[in-house]
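**Student:** Would you mind keeping the following structure in view while I ask a few things?
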Amino acid sequence: MSTSQKVVVVTGASQGIGAELVKAFRKLDYRVVATARSVGSSDDPNVLTVAGDIADPATVQRVIAAAVERFGRVDTLVNNAGIFIAKPFTQYSAEDYAAAIGVNVSGFFHITQRAIAEMEKHASGHVVTITTSLVDHAIDGVPSVLASLTKGGLNAATKSLAIEYAKRGIRANAVSPGIIKSPMHAEQTHAALGALHPMGHMGEMSDIVNAVLYLDAAPFVTGEILHVDGGQSAGH
Ligand SMILES: NC(=O)c1ccc[n+]([C@@H]2O[C@H](COP(=O)([O-])OP(=O)(O)OC[C@H]3O[C@@H](n4cnc5c(N)ncnc54)[C@H](OP(=O)(O)O)[C@@H]3O)[C@@H](O)[C@H]2O)c1
């Protein structure tokens, strides 16, 4: 087994930004562990897929164990799995709350804990988490308290992890997207969603992928919340 090839774990890898991240990391010759509930198997021997609910610690245990068994280490974790439920605050159900906390918060916590435990063995590693610029700049007409509650916590936890591990070779960063053309948004909504950005259009999945790749190759960058949002977080 080559030890020079890096190993990345990507969550939410069955579609959208996660699936694009898998392709982009493969182009850079990383070995990839791809996980999501509905992720299919891969013909590529350097892509290992593990199906499961990221909120479940048992899934996380399987993902990290499989990464170590097959590829020997974990260099990068991309916490990309996430859900967005836009509802007026008083209309959120207990199920909405549990789902958002489960995927966005528990889905970050358990796998980040296990991945960093592996990174510590080599005194090197990088955690990148996909959050949202709604955290910094809420939008009238897009009720999003559960997104802010969960992803805002992830931005804060990213900075906290960055400081805790700064002298131990492990970096933590986040990418904060605007609204991105992914399967999350039906095509007929794109014009209206685009108008919510100062630049007047939505972002592409490649914008987020390129930001993740930049952060992964930036050894002096940690604790950064990189906004890739057409100006949303700057103002309106
Ligand atoms: N698109 C946007 O406008 C936008 C804006 C800001 C932030 N983001 C963030 O970017 C990330 C990727 O979003 P996207 O646009 O690519 O969304 P997407 O197309 O809906 O993909 C979401 C991914 O998360 C996975 N996922 C959802 N629930 C899961 C669970 N319980 N366990 C495991 N995996 C789960 C899905 O896979 P399965 O269904 O197969 O499990 C899927 O692979 C998310 O964190 C999202 O919050 C997106």
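**Student:** Arrange the peptides 183-190, 82-89, 5-12, 63-70 so that the one whose residues have, on average, the most other Cβ atoms within 10 Å appears first.
**Tutor:** 5-12, 63-70, 82-89, 183-190
**Student:** Measure off, as a whole percent, the carbon and sulfur share of the 1.4 Å-probe accessible area of the chain, all protein chains present.
**Tutor:** Exposed carbon and sulfur together represent 55 percent of the surface.
**Student:** Return the percentage of antiparallel bridges among DSSP beta bridges fully within region 31-161, rounded to the nearest 5 %.
**Tutor:** Antiparallel: roughly 10 percent of the beta bridges in region 31-161.
**Student:** Run the quick spin-label model on Arg62 and Ser93: label points 7 Å from Cα toward the beta carbon, then report their separation in nm to one decimal.
**Tutor:** Inter-label distance under the simple model: 2.6 nm.
**Student:** Additional query: In the chain, what percentage of the DSSP-assigned beta bridges are antiparallel, given to the nearest 5?
**Tutor:** Around 5 percent antiparallel, to the nearest 5.
**Student:** For Val228, list long-range residues whose amide hydrogen, built 1.01 Å from N in the peptide plane, is under 5 Å from its own amide hydrogen.
**Tutor:** So Val228 has HN proximity to Ser176, Gly178.
**Student:** If you don't mind, another one. Lysines within cross-link reach of Lys181: Cα-Cα under 18 Å, excluding same-chain residues under 8 positions apart?
**Tutor:** Lys23
**Student:** Right, here's the next one. Could you please report the charge total around His236, scoring K, R as +1 and D, E as -1 over all other residues with beta-carbon less than 15 angstrom from its beta-carbon?
**Tutor:** -3
**Student:** Rank-order 19-28, 124-133 by packing density, defined as the average count of other C-beta atoms within 10 Å over each peptide's residues, highest first.
**Tutor:** Highest to lowest by the protection proxy: 124-133, 19-28.
**Student:** Nothing charged except the Cβ atoms of Lys and Arg (+1) and of Asp and Glu (-1): what's the magnitude of the dipole of the chain about its Cα centre? Round to the nearest 20 debye.
**Tutor:** So the dipole magnitude of the chain works out to roughly 580 debye.
**Student:** Turning to a different aspect of this structure: Ignoring ligands, DNA and RNA, what accessible area per residue does the chain give at 1.4 Å, in Å²?
**Tutor:** Per-residue value: 47 Å².
**Student:** For the chain, what does the relative contact order come out to in percent, with C-alpha contacts under 8 Å and a separation of six or more?
**Tutor:** Here the relative contact order equals 18 percent.
**Student:** Starting from the Cα gyration tensor of region 7-77, take the square roots of the eigenvalues, sort them a ≥ b ≥ c, and report rounded, prolate or oblate (rounded when a/c is under 1.5, otherwise prolate if a/b is larger than b/c, else oblate).
**Tutor:** Because a/c hits 1.5 or more and a/b fails to exceed b/c, region 7-77 counts as oblate.
**Student:** Please label the shape of region 90-200 as rounded, prolate or oblate, based on the square roots a ≥ b ≥ c of the eigenvalues of the alpha-carbon gyration tensor (a/c under 1.5 means rounded; beyond that, a/b larger than b/c means prolate, else oblate).
**Tutor:** Prolate shape, in that a/c is at least 1.5 and a/b is the bigger ratio.
The values are calculated or read from the model by the stated rules, or taken from the named source; none is laboratory data. This structure is a prediction, so every number in the text was calculated from the model and none was measured. Counting neighbours? That spans all protein chains shown, and the Cβs are built from the backbone with ideal geometry, glycine included. Areas reflect the complete protein model, heavy atoms only, side chains present, ligands, DNA and RNA absent. Shrake-Rupley method; radii C 1.70, N 1.55, O 1.52, S 1.80 Å.
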